[in-house]
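Read through the structure below, which is laid out as structure tokens, and then see the notes.
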Amino acid sequence: MKRNLPSHVVYIEDDPDDIRFYTTEFNRIEAIDKLSILSSREHLNEFERTVGAARNEDVPSLILMDWKFHDITGDKILSKLRRVDILKQKPMIVISSSDQDKDLESAFENGATSFIQKPEDLVDLRNMIEVLIRYWLEVCARHP
């Protein structure tokens with residue numbers, strides 16, 4: 001079941017290889033109408049500043065993010081985004097290679113909707129991405 005609203009996915013990642021891989025995978029999925037990549041602190045700050053005034057189709061339906069960054073921590077990103085009124089109830093999913101309990105706990109304490117450990121196998125990772133996107137954009141059609 002496709003949602004009637006346009007689906008805008010925001011992906012927060014600073015690793016160029018991961019950005020290329022995930023962008024390719026996201027572009028294969030028809031459920032995504034618009035994809036935005038935030039790859040730096042500057043992009044994140046600009047997004048945070050402008051999303052409150054965004055048109056309906058520009059407000060993200062889903063935010064996916066890595067946990068480990070070069071110049072900011074995942075918990076700080078979540079905390080910043082959860083303070084933006086229009087994003088308070090949006091699903092924010094952490095996709096990380098981390099298996100540390102402290103990372104999981106910190107993610108949930110700072111507003112993550114879910115914390116998913118990246119599969120090491122490429123086929124499993126591709127399948128996980130598709131299932132995740134389809135769930136949030138097609139199956140779970142009634143989230144805020």
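Read the figures in this text as sums done on the coordinates, not as results from a lab. Quick caveat, the model's predicted, so the values are computed rather than measured. Note that each Cβ is placed from the backbone with ideal geometry, even for glycine, and that neighbours are counted across all protein chains shown.
How about Lys80: which lysines have a C-alpha closer than 25 Å to its C-alpha, ignoring those fewer than 8 places off in the same chain?
Lys34, Lys68, Lys88, Lys90, Lys102, Lys118
Let a ≥ b ≥ c be the square roots of the eigenvalues of the Cα gyration tensor of segment 68-144; is it rounded (a/c under 1.5), or, if not, prolate (a/b larger than b/c) or oblate?
Details: a/c = 2.19, a/b = 1.09, b/c = 2.02.
Oblate, since a/c reaches 1.5 and b/c is not below a/b.
Taking every Cα atom in the chain, find the radius of gyration and the maximum pairwise distance Dmax, and write them in Å.
Calculated on Cα positions, Rg and Dmax stand at 14.2, 40 Å.
Looking at Val139, Leu64, Ser39, which one has the Cα that reaches farthest to the positive end of the dipole of the chain (charges on Cβ: Lys, Arg +1; Asp, Glu -1)?
Among Val139, Leu64, Ser39, the one farthest towards the positive end of the dipole of the chain is Val139.
Could you size up the charge dipole of the chain around its Cα centre, putting +1 on the beta carbon of Lys and Arg and -1 on that of Asp and Glu, and report it in debye to the nearest 20? Each step should come with its number before you reach the end.
Details: 20 positive and 27 negative charges, 154 e Å.
It works out to roughly 740 debye.
Taking 0.36 nm per residue of separation and subtracting the Cα-Cα distance, what length does fully extending Gln89 through Ser39 add? Please report the intermediate quantities before stating the final value.
Numbers: separation 50, 0.36 × 50 = 18.00 nm, distance 2.26 nm.
Residue separation times 0.36 nm, minus the Cα-Cα distance, leaves 15.7 nm.
Could you give the length gained on full extension between Ala54 and Arg20, defined as 0.36 nm per residue of separation minus the Cα-Cα distance, in nm? Kindly include the intermediate steps, with their values, before the conclusion.
On the way: separation 34, 0.36 × 34 = 12.24 nm, distance 2.60 nm.
Roughly 9.6 nm would be gained on extension.
How high is the FRET efficiency between Glu105 and Glu30 when r is their beta carbon distance and R₀ equals 25 Å, given to the nearest 0.05?
Numbers: r = 35 Å, r/R0 = 1.41.
It comes out at approximately 0.10.
Return the sequence-ordered ³J(HN,Hα) values of segment 119-126 in whole Hz as given by the Karplus equation 6.51 cos²θ - 1.76 cosθ + 1.60 applied to θ = phi - 60°, using x for Gly and Pro.
3J(HN,Hα) across segment 119-126, in whole Hz: x, 7, 6, 4, 5, 5, 5, 4.
Hey, what number do you get for the chain at 222 nm if only DSSP H runs of n ≥ 4 count, each worth -39500 (n - 2.57), divided across all residues, to the nearest 500? Don't skip to the answer; put the middle values down first.
Details: 5 runs with 54 residues, N = 144.
That calculation yields -11500 deg cm²/dmol at 222 nm.
Relative contact order for segment 8-139: what percent, with Cα pairs under 8 Å and sequence separation of 6 or more?
Details: 174 pairs, mean separation 34.1, N = 132.
That works out to 26 percent.
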